[in-house]
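Visitor: Dumping the structure here so I can ask a few things about it.
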Amino acid sequence: MKRIITLGLAFSFALALAQTATAQVKFGVGGPITGANAATGAQMKNGVDQAIADINAKGGILNQKITAEYGDDVSDPKQGVSVANKFAGDGVKFVIGHYNSGVTIPSSEVYQENGILQITPASTNPTVTERGMWNIFRTCGRDDQQGRVAGGYILAHFKGKKIAFVNDKTTYGKGLVDETLKAIKAGGMKEVLYEGINTGEKDYSALISKIKQSGADLVYFGGLYTEGGLIVRQMRDQGVTAPLMGGDGITSDEFASVGGPGVAGTLMTYGPDPRNRPEAKAVVEEFRAKKFEPEAYTLYSYAGVQIIAQAAAAAKSADPKKVAEMMHSGMTFKTVLGDISYDKKGDITKLDYVMYVWKKDPSGKITYVECPASGCSM
């Protein structure tokens, strides 16, 4: 009998060791891995991969290794829901994603139903966090905040000028335009043109004819870098010299690749560049050693993993609902973006937008440069 008990104890101990050794915390990364916005998908994937490697090197989450799988939503809401359902079926507990607000909103409902916590690094539409859901957070700001910053700049620097508004008809693009338009109307200005375009179009000559006829001194664009770049290129080709102003959706060096030299002078709202933060220095060096420039949403994605790991450690649990409770508690998280804490909705508690201008850097490359408080020099 003693021998049987000893063998039974030994088996139980071995089983416990095996379970500890194989225990994992499964993450999903949902975003546009392919398609027109694949550059952003690469930022998200690389940000999460590096964060996982760095956190696993320090023991993972509660001594469990983090693993990740990837879902390509190609910036399409239906595909985003398919990705979400696959993650749920695969036992994913935490998701970093998605990129587009129009994809994040429906996918978050699938995640909520399946007990999955989601942090988007890029979806800025207010609706994302206005639905009273326990499971949705973001590391970026909101378009009502972004619109106020953009509108305030227009009122200060383009008062009495003609402003045209163009959006890509998406949840993000139209939402951002409407928030910015609301801000300038509150300051006594109004638009001379309000137009929508379809994503994926290549020829914007009809739009540019309308911009010409409006006499616009500034074209405000709500959309992403591919369409934004094409519009600027075709504006310049047709002799329209008015600068473009956009939001965080054009924050990628791909904008200049698509738009060419004519993007110089483009104005943009985006958060303070995290690559310049002292908290990000070591991580930025890691990326650059791998020949990857961690621009735009790379570090926003990295921070999402950091926040989940720190919240799980504080909660002493990798259960998504307990992690979410800790995130909603007001706890301050130390991240590559600086200190982050959340309100009850899942929004960060700091204003996250400043003005940028696209211009040549000392090497001759056209890229985005943060403007001083006095305004942007074009």
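Here's the yes/no breakdown for (1) at pLDDT below 95; (2) buried (at least 18 other Cβ atoms within 10 Å of the Cβ); (3) touching a Pro at 6+ places or on another chain (Cβ under 7 Å):
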site: Thr6; (1), (2), (3): yes, no, no
site: Leu9; (1), (2), (3): yes, no, no
site: Thr20; (1), (2), (3): yes, no, no
site: Ile33; (1), (2), (3): no, yes, no
site: Phe87; (1), (2), (3): no, yes, no
site: Lys93; (1), (2), (3): no, yes, yes
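Visitor: Please go through the range 46-97 and pick out each residue that is acidic (Asp, Glu) and touching a helix residue (DSSP H, G or I) at 6+ places or on another chain (Cβ under 8 Å).
Guide: Asp54, Glu69, Asp72, Asp73, Asp76
Visitor: Go through the range 150-177 and count every residue that is free of Cβ contacts under 8 Å to residues at least 40 places away in the same chain and in a helix (DSSP H, G or I).
Guide: Summing the residues that are free of Cβ contacts under 8 Å to residues at least 40 places away in the same chain and in a helix (DSSP H, G or I) in the range 150-177 gives 3.
Visitor: Still on this structure: Would you mind telling me which numbered condition in (1) touching a residue at least 60 places away in the same chain (Cβ under 8 Å); (2) outside the structural domain of Gly173 (by TED's automatic domain parsing); (3) under 21 Å from the mean Cα position of the chain (by Cα); (4) assigned to a loop (DSSP other than H, G, I, E, B) Glu293 fails?
Guide: (1)
Visitor: Out of the range 276-304, which residues are closer than 30 Å to Phe158 by Cα and surrounded by 15 or more Cβ atoms within 10 Å (Cβ to Cβ)?
Guide: Glu295, Ala296, Tyr297 - these are the residues of the range 276-304 that are closer than 30 Å to Phe158 by Cα and surrounded by 15 or more Cβ atoms within 10 Å (Cβ to Cβ).
Visitor: Moving on. Is it the case, given these coordinates, that Glu113 is closer than 18 Å to Thr170 by Cβ and charged (D, E, K, R)?
Guide: no
Visitor: Also, quick follow-up: For the range 200-264, please list each of the helices (runs of 4 or more DSSP H) lying entirely inside it that holds at least 2 residues being under 26 Å from the mean Cα position of the chain (by Cα) and among the charged types (D, E, K, R).
Guide: Passing ranges, in order: 225-237.
Visitor: To continue, here is another question. Report the residue count in the range 81-125 for those that are over 19 Å from Asp248 (Cβ atoms) and part of a helix (DSSP H, G or I).
Guide: So the count comes out to 17.
Visitor: Quickly run through the range 126-149 and pick out the residues that are of a type in the set (Lys, Arg) and outside any loop (DSSP other than H, G, I, E, B).
Guide: Within the range 126-149, Arg138, Arg148 meet the criteria.
Visitor: Just checking, does the range 125-144 include any residue being surrounded by fewer than 17 Cβ atoms within 10 Å (Cβ to Cβ) and among the β-branched types (Val, Ile, Thr)?
Guide: Yes: the range 125-144 contains one or more residues that are surrounded by fewer than 17 Cβ atoms within 10 Å (Cβ to Cβ) and among the β-branched types (Val, Ile, Thr).
Visitor: Any residue at all in the range 310-327 that is in a helix (DSSP H, G or I), assigned by TED's automatic domain parsing to the domain that holds Ser214, farther than 22 Å from Asp49 by Cα and more than 21 Å from the chain's Cα centre (by Cα)?
Guide: Checked the range 310-327: no residue is in a helix (DSSP H, G or I), assigned by TED's automatic domain parsing to the domain that holds Ser214, farther than 22 Å from Asp49 by Cα and more than 21 Å from the chain's Cα centre (by Cα).
The values are calculated or read from the model by the stated rules, or taken from the named source; none is laboratory data. Just so it is clear, the model here is predicted, and its values are computed rather than measured. Don't worry about glycine lacking a Cβ; one is built from the backbone with ideal geometry, like all the others, and counts go over all protein chains shown.
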